[in-house]
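Structure, as structure tokens:
Computed from the coordinates by the stated procedures, all read-outs in this text should not be read as laboratory data. Since this is a predicted model, take the numbers as computed values, not measurements. Methodologically, a virtual Cβ is constructed for each residue, glycine included, from the backbone with ideal geometry; neighbour enumeration extends over all protein chains shown.
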There are 2 protein chains.
Amino acid sequence: MINVVLIGSGNVALHLCKAFEKTTKINIIQRFSRRLSNNAYFPVHIPVTNDISTLKKADVYFIAISDQAIAKLSKQLTFKSGLVVHTSGSMPLHTLECNANKGVFYPLQTFSLHKEIDFKNIPLALETEHKADYKLLEHIAKQISNYTYAVNSEQRNKLHIAAVFANNFSNHMYYLASKICKDHHIDFEILHPLIIESANKISQIPPFEAQTGPAKRKDTLVIENHIEQLEGISKEIYTLVTQSILNTYQSEEENG
Amino acid sequence: MINVVLIGSGNVALHLCKAFEKTTKINIIQRFSRRLSNNAYFPVHIPVTNDISTLKKADVYFIAISDQAIAKLSKQLTFKSGLVVHTSGSMPLHTLECNANKGVFYPLQTFSLHKEIDFKNIPLALETEHKADYKLLEHIAKQISNYTYAVNSEQRNKLHIAAVFANNFSNHMYYLASKICKDHHIDFEILHPLIIESANKISQIPPFEAQTGPAKRKDTLVIENHIEQLEGISKEIYTLVTQSILNTYQSEEENG
């Protein structure tokens, strides 16, 4: 049995807690929550503290708190044994300033408090200072997910930027689409199948090949007609992303 | 039995052909293909012509050709009976310059030549000049799809713009993400579950509420760190879309 302590009480901490609770090999012996917030969402049988000096001895300490708070909190972990990992995509391993061994356990997924998620399909990007620790972290990761990857701090930073484009920005594209629909009394639901097909497609075809639409076809008549109808920042985004698509396939022709 | 003639031989024509072939109530009596291209992909038992004057008498003529070619081709349809429909998202109904009754049959989906698609889940946006024609078109639509919507020409134009954001632009976001991964030797596959979850989410939560990430959190440290690492048009897109997300939730606070 691997004993872990969970530090934090946000979305990541909560979903990690639920995932660990489903395994037979990982035992959450304690939680730390500074403001004892979201307590109602966590299993009552796990002891919780808001006093860092009362942390129990564990094999691994998972820090799932906001990026900016990681360094400060980790400094307060003065013990030397065990492995301390954070769960952030954008912070390097050496953000951790504890005495114990350090690692990173980054789940690549978007978590919402009220949306259940199957951890088995969440890719986990792992990093440790020491090889032996990597084996332990990978062993833990494999209890809750089918997808584990070794990713160093620099790669993870780039991966986080890539995730912003792939996830946050594509969601904003959905939002801009939903706004156009709302403004013209069109049910946004009409676009759902298109959105889902477009996302599923990339498992079979790389996005470079999956691209369709007026910019890909260099259909300037349609592009101009669309730009004319848009206003404000939507117009700017339409123009810039269209230009980026045109550039992407322009250089293809030049190279090809 | 409803007799139809299919004009065109691109992706839309091909997928429409396959969908009609699966029904018992719709009979494709003839195809028209100017260059007789893609012939190998179509069922051999359907007669094909490249001479517009030899078109057979049918209940409905489906024009599935490029936007710019619709007006010119429709002018050559001199018969007065039957219903002529185009399948374009961005062209108004009156692009059709034929003598027969006019309509639009717009499948909201992205079609690839080599990717099979289940037409049952494709929303069909329908429009006709006359009510009786609408009933016929809706009857046909319901043979191949579970989702039919009445959408007029102005709404369809807006819907097409919305689809560019929701589908074409989100795919380009995937592409930019895949490029970052490739440049840093990261397997783009790591991002697949995130992309699929992000798309599936909007069936349950509107994109406004589903938004996550540094811009949503107003996490300026992470945003600046990301912008610093990007170059060229990716940097411009990151900056502009981030600004748009900031604006979106800024006005929420002001209004709320």
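A few points about this structure:
- The residue list B:GLN250, B:ILE70, A:PHE20 was ranked by how far each Cα lies along the charge dipole of the protein assembly as shown toward its positive end, using unit charges on Cβ atoms, and A:PHE20 comes out on top.
- Per-pair calculated FRET efficiency, R0 = 25 Å: B:LYS75 and B:ASN200 via Cβ, rounded to 0.05: 0.05
- Applying 0.36 nm per residue to the separation of A:THR220 and A:ALA132 and subtracting their alpha-carbon distance, the gain on full extension is 25.9 nm.
- Rounded is the label for segment B:1-139, because the ratio a/c of its alpha-carbon gyration tensor axes (a ≥ b ≥ c) stays below 1.5.
- Alpha-carbon Debye profile of chain A, log10 I(q)/I(0) at 0.08 Å⁻¹: -0.44
- Rounded to 0.05, the FRET efficiency of the B:GLU97 and B:LEU246 pair, given R0 = 51 Å and the Cβ-Cβ distance, is 0.60.
- Chain lengthening between B:THR54 and B:ASP187 when straightened (0.36 nm per residue, less Cα-Cα): 42.5 nm
- Inter-chain neighbour count for A:86-93: the average number of beta-carbon atoms from partner chains within 10 Å of each residue's beta-carbon is 1.
- Here A:THR23 yields copy-to-copy label distances, from shortest upward, of 5.3 nm, the label point defined as 7 Å from Cα along Cα to C-beta.
- Residue-averaged beta-carbon neighbours from other chains (10 angstrom radius) around A:143-155: 2
- Axis angle, to the nearest 10 degrees, between helix B:11-21 and the longest C-alpha principal axis of chain B: 60 degrees.
- Stokes-Einstein diffusion for the protein assembly as shown at 4 °C, viscosity 1.567 mPa s, with a Kirkwood radius from C-alpha pairs, works out to 51 µm²/s.
- Projecting the alpha carbon convex hull of segment A:98-178 along each direction and taking the average yields 6.8 nm².
- Exposure proxy order (Cβ contacts within 10 Å, fewest to most) of A:VAL4, A:VAL44: A:VAL44, A:VAL4
- Distances, shortest first, from the label point of B:GLN204 to those at the same position in the other copies read 2.5 nm; the point lies 7 Å along Cα to C-beta.
- Förster-model FRET efficiency, 51 Å R0, A:GLN68 and B:ASN121, C-beta, rounded to 0.05: 0.70
- Nm distances between copies for B:GLN68, ranked from closest, using label points 7 Å along Cα→Cβ: 5.2
- 10 Å Cβ neighbours from other chains, averaged over peptide B:235-247: 5
- Electrostatic dipole magnitude of the protein assembly as shown [Cβ: Lys, Arg +1; Asp, Glu -1; Cα centre; debye, to 20]: 1160 debye
- Crossing angle, helix A:131-144 versus chain A [Cα axis fit, 0-90 degrees, rounded to tens]: 70 degrees
- Only Lys, Arg, Asp and Glu carry charge here, each on its Cβ (+1 for the first two, -1 for the last two); on that basis segment A:85-188 has a dipole of about 100 debye about its Cα centre.
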